[in-house]
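Student: Pasting in a structure now, in structure tokens, and then I'll have a few things to ask.
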Amino acid sequence: MTHYLKLALLFCTLFISSLSLAADKWSIGFNEPFISGYMKSKGHWCTECPTNTYQADAALINGRILDLASQRHVGAFREIIPLAALRPNSTTNHYEDVIDIISIYSNYNLKLTLTFGLPIPSWMSPNGSAWTPMPTSDQEWATLKNSLALEMGNLVQALWNSPRVNRTWMTTHLFVEGFNEFDSLQNTSGSTANSSPTRAADLQNGIQWYLNLYGTSVQTLMPSVVGVYAGYGSGVADPQAQYISDYYQLYGTGLPNAHIYVRNDFEFQGYGDLLNKLRTRVLAIDQILPSTLKGKLVIGETGAADRVPPNCTAQSPGGSLAIAQRDSYYAAVGFDSEINSRVEMILFWRLMNLPANQLPSCEAYFGVVHDDNSGYKAVGLNLFNYLGN
């Protein structure tokens, strides 16, 4: 029996026995586009694809996920797949790359959110744009929606039919999200005003139609909402909460799903101030949810970066903290009862640090694993200590 298999069997025993004791803690975890990094390692990438990818082979990915699951009490993950890499043309797909990595999550019985992200391949985009594909025309939207829904349905069907992915796991632990940060999708003029709650509901319900048609069974989330939708104008004080409320009034399906990044007003403020802002956002969203969905919010992305000037300062997008303050922040989020009583999952962005020469921006410092993959930063170790106790 291999070392990995022994650890895997030990973990499965620990995981099953622990679910009844601390199920909430198994729902705290990380975003990391490992599928993207694996596709890149195999040469299945695209020139316009994102540069924030940690390139890795299957052995590295398996080892890191196994360590997190068996030794660090991390039970939830999220993967974003750029559609242009998955479906470079209408006759080619890279589903087997996806199955190679998703089989790892399945083998270890971990929660996984799976979603599509930009860029969209030009053959699928009504206007030919990879990064600003949202059409203004309802007819063109119907064409794009059908393409997106069919592609997600086909991918889930491929997983369902793969002997390497457990169907019971898919039914209980795989969460399908229509699209990453849907409300931020722009048209060629740079506006997000057409990425409406109506279209978000239309997309997710279209995906559900294909899931039903193919006889597959998974959990679902609404397309994630980051709060930048321009369709409301200045009359709506909280566009993120309003968008989610409208989505369900328009018969959208799946669990509520928000990306919540907060930033301190002043450089000297610490993790307590950031925690208060995150708590306020969670409470605001929970208050507008239908009664059947209260307490079910998925925080699909949140977190803060290590403040490492000049690339990452207090003014950088996404929020940052002095390293000593950030070391305490993630564990404090996990421990906060006001937040945890209102959420289904918390997924921090992101797992792997990236070398600054690969991504010279604040995003390079959001990870909890050192960029040389040598081990965990203190922000991760403190969170793991909370999760394991």
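Student: Identify all residues within segment 231-278 that are under 18 Å from Pro197 (Cα atoms), assigned to a loop (DSSP other than H, G, I, E, B), free of Cβ contacts under 8 Å to residues at least 40 places away in the same chain and open to solvent by 60 Å² or more (accessible area, probe 1.4 Å); write none if there are none.
Tutor: Result: Ala237, single match.
Student: Go through segment 23-42 and count every residue that is within 18 Å of Gly380 (Cβ to Cβ), among the charged types (D, E, K, R) and not in a loop (DSSP other than H, G, I, E, B).
Tutor: Here the count works out to 1.
Student: Right, here's the next one. Where residues in segment 331-386 are touching a strand residue (DSSP E or B) at 6+ places or on another chain (Cβ under 6 Å) and in a helix (DSSP H, G or I), which of them is surrounded by the fewest Cβ atoms within 10 Å (Cβ to Cβ)?
Tutor: Out of the qualifying residues, it is Gly334.
Student: Assuming Ala324 fulfils every condition listed in (1) surrounded by fewer than 18 Cβ atoms within 10 Å (Cβ to Cβ); (2) of a type in the set (A, V, I, L, M); (3) in contact (Cβ under 8 Å) with a residue 40 or more places away in the chain apart from one, which condition is it?
Tutor: (3)
Student: Here is a follow-up. When both residues are 6+ apart or on different chains and their Cβ atoms are under 8 Å apart, which pairs have a first residue that lies in segment 43-63 and is under 24 Å from Tyr365 (Cα atoms) and in a loop (DSSP other than H, G, I, E, B), and a second that is open to solvent by 60 Å² or more (accessible area, probe 1.4 Å) and of a type in the set (S, T, N, Q)?
Tutor: Qualifying pairs under 8 Å: Thr51/Gln358.
Student: Can you tell me which residues in segment 297-321 are touching a Leu at 6+ places or on another chain (Cβ under 8 Å), open to solvent by 10 Å² or more (accessible area, probe 1.4 Å) and not charged (D, E, K, R)?
Tutor: If the condition is that a residue be touching a Leu at 6+ places or on another chain (Cβ under 8 Å), open to solvent by 10 Å² or more (accessible area, probe 1.4 Å) and not charged (D, E, K, R), then no residue fits.
Student: Hey, another quick one. Can you find a residue in segment 279-296 that is farther than 18 Å from Asp336 by Cβ and part of a loop (DSSP other than H, G, I, E, B)?
Tutor: yes
Student: If you scan segment 205-250, which residues turn out to be under 19 Å from Thr136 (Cα atoms) and either of a type in the set (S, T, N, Q) or out of contact with any helix residue (DSSP H, G or I) (no Cβ under 8 Å at 6 or more places or on another chain) (or both)?
Tutor: Ala230, Gly231, Gly233
Student: Has segment 216-227 got at least one residue that is within 28 Å of Pro317 (Cβ to Cβ), in contact (Cβ under 8 Å) with a residue 12 or more places away in the chain and open to solvent by 20 Å² or more (accessible area, probe 1.4 Å)?
Tutor: Kept after step one, since they are within 28 Å of Pro317 (Cβ to Cβ), are these residues of segment 216-227: 221-227.
Those still in the list that are in contact (Cβ under 8 Å) with a residue 12 or more places away in the chain too: 221-227.
Filter once more, keeping what is open to solvent by 20 Å² or more (accessible area, probe 1.4 Å): 226-227.
Taking every residue of segment 216-227 in turn, at least one turns out to be within 28 Å of Pro317 (Cβ to Cβ), in contact (Cβ under 8 Å) with a residue 12 or more places away in the chain and open to solvent by 20 Å² or more (accessible area, probe 1.4 Å).
Student: What residue, among those in segment 134-180 that are of a type in the set (Val, Ile, Thr) and in contact (Cβ under 8 Å) with a residue 12 or more places away in the chain, is surrounded by the most Cβ atoms within 10 Å (Cβ to Cβ)?
Tutor: Val176
Student: Return the residue satisfying two criteria in turn: it lies in segment 77-110 and is assigned to a strand (DSSP E or B) and touching a Phe, Trp or Tyr at 6+ places or on another chain (Cβ under 7 Å), and of such residues it is surrounded by the fewest Cβ atoms within 10 Å (Cβ to Cβ). Reasoning before the result, please.
Tutor: Narrowing segment 77-110 to residues assigned to a strand (DSSP E or B): 77-82, 89, 92.
The next check asks that each one be touching a Phe, Trp or Tyr at 6+ places or on another chain (Cβ under 7 Å); those that pass are 77, 79, 81, 89.
Values: Phe77: 24, Glu79: 20, Ile81: 24, Asn89: 11.
Step by step, filter segment 77-110, then rank; the result is Asn89.
The values are calculated or read from the model by the stated rules, or taken from the named source; none is laboratory data. Every value quoted in this text rests on a predicted model; they were computed, and no experiment measured them. Here Cβ is always computed from backbone atoms with ideal geometry, including for glycine, and neighbour counts include all displayed protein chains. To get the accessible areas, we keep the full protein, side chains included, count just its heavy atoms, and leave off ligands, DNA and RNA. Shrake-Rupley method; radii C 1.70, N 1.55, O 1.52, S 1.80 Å.
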